[in-house]
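One structure is given below, encoded as structure tokens.
The values are calculated or read from the model by the stated rules, or taken from the named source; none is laboratory data. Small disclaimer: the values here were computed from a predicted structure and weren't measured. Backbone-built Cβ (ideal geometry, glycine too); neighbour counts: all protein chains shown.
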Amino acid sequence: MSEFHALPHDQQVARLHDLARHALQHWDGEFADIELVKFRENAVFSARRHDGQRVALRIHRNGYHCEAALRSELQWMEALEGAGITVPQIIRAQNESHLIEVTHQAIGEARHIDMLAWLPGATAGTSEAGVQADTEVDFLFNEAGALAARIHLHSADWQQPDEFVRHAWDEEGLIGANPFWGRFWELEQLSDEQRDLLQQARRTARKDLRQYGRHLGNFGMIHADLVPENLLIEGPRLRLIDFDDAGFGWHMFELATALYFCLDDPRYEQIKAALLEGYNAVKPLTEADRKTLALFLMLRGTTYLGWIHTRQGTPTAIEMAPMLIDRACLLARAYLEA
């Protein structure tokens, strides 16, 4: 662990502010109103350029994605934009690069940084609180389902660049010996009973995933973080942000992710129906697809346990651990009993 990661959270934030101010010198223009808006995997800062344009400066977590994977994320975003799907526009640095690497004494380690144009709109909710109570969920989730389907159809036809590299939310990435987000069954806060339950669900999931199979019709590049805080509503338009988790995965895992933080919402059945209807109208779902929803909800739950296991001590992990453990176990029981 580097010196930076051993610092208290508030000191990490202060040093990231210093790095952000330093990094902005690599882009044309003068910037003000620099504010941290999100600090989980990445540190995302909002800044205002002298011409009034608001931008998002992303300082990527060291060691999470390699440079090739970060460039691939940006390549995929550009491909989606070219297909008519609204995504944050990439703002190139002064050297015309999508992505720069900066070392600053405040951090003591090299960080990859990029800049995106700020998309207008209000977030549909948060991971902690779910969808806002006054949100028109029929509209939101019908549009979200249709948007996910368009992304999946595009990915099936898209010719990836030779150097394209992204992680996979596949069998090994979800329930293998070393899942992408961590060995969830080793989470210290789990009781023996909870650990046994999750291991049983893990064994059963391996069999079910192999039976379901993977092909262009059900597996490909997915956003993988279709949660309320990444859905921006502006009038009749819905926009998607934060492609950091994007990788190769099952399409139904995408839909399970969209539903995960809505499970306690009294409108859940309405939300689920709208999401599936919107998706099905663009890319028809088979009966086999629909039957996997409980499987992928359970798997989404275990990935979040892996996330907090490998990020112990972070404010998000501390705050959300009890809820995520309870929900993962509830979904594991529901899956095994189905």
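Mind listing whichever residues of the range 250-282 are under 16 Å from Gly220 (Cβ atoms) and within 22 Å of the chain's Cα centre (by Cα)?
Trp250, His251, Met252, Phe253, Glu254, Leu255, Ala256, Thr257, Tyr279
Within the range 279-320, the residues that satisfy the criterion of being modelled with pLDDT under 95 and assigned to a helix (DSSP H, G or I) are Pro315, Thr316, Ala317, Ile318, Glu319, Met320.
The rows are residues; the columns are (1) under 19 Å from the mean Cα position of the chain (by Cα); (2) under 26 Å from Ala334 (Cβ atoms).
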site	(1), (2)
Leu140	yes, yes
Phe164	yes, no
Arg183	yes, yes
Glu186	no, yes
Arg203	no, yes
Gln211	no, yes
Asp225	yes, yes
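Restricting the first member to the range 100-122 and to residues that are closer than 15 Å to His26 by Cα and of a type in the set (Asp, Glu), and the second to residues that are assigned to a loop (DSSP other than H, G, I, E, B) and modelled with pLDDT of 95 or more, the beta-carbon pairs closer than 6 Å and six or more apart or on different chains are Asp114/Leu99. Note on the range 167-182: residues that are in a loop (DSSP other than H, G, I, E, B), out of contact with any Phe, Trp or Tyr (no Cβ under 6 Å at 6 or more places or on another chain) and surrounded by 16 or more Cβ atoms within 10 Å (Cβ to Cβ) amount to 4. Among residues of the range 166-177 that are under 13 Å from Phe219 (Cα atoms) and modelled with pLDDT of 95 or more, those with a beta-carbon under 6 Å from a residue that is in a helix (DSSP H, G or I) and not charged (D, E, K, R) at least six positions away or on a different chain give the pairs Trp169/Phe253; Glu171/Leu209. Here Asp33 clears all of (1) touching a residue at least 24 places away in the same chain (Cβ under 8 Å); (2) assigned to a strand (DSSP E or B) except the condition numbered (1).
Yes/no matrix, rows are residues, columns are (1) surrounded by 21 or more Cβ atoms within 10 Å (Cβ to Cβ); (2) farther than 26 Å from Arg202 by Cα; (3) of a type in the set (S, T, N, Q):
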{"residue": "Ile241", "(1), (2), (3)": "yes, yes, no"}
{"residue": "Phe253", "(1), (2), (3)": "yes, no, no"}
{"residue": "Thr257", "(1), (2), (3)": "yes, no, yes"}
{"residue": "Phe261", "(1), (2), (3)": "yes, no, no"}
{"residue": "Gln270", "(1), (2), (3)": "no, yes, yes"}
{"residue": "Ala273", "(1), (2), (3)": "no, yes, no"}
{"residue": "Ala281", "(1), (2), (3)": "no, yes, no"}
{"residue": "Gln312", "(1), (2), (3)": "no, no, yes"}
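Here's the yes/no breakdown for (1) of a type in the set (Val, Ile, Thr); (2) closer than 30 Å to Ala6 by Cα:
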| position | (1), (2) |
| --- | --- |
| Val227 | yes, yes |
| Asn230 | no, yes |
| His251 | no, no |
| Ala256 | no, no |
| Tyr260 | no, no |
| Lys291 | no, no |
| Ala294 | no, no |
| Tyr304 | no, yes |
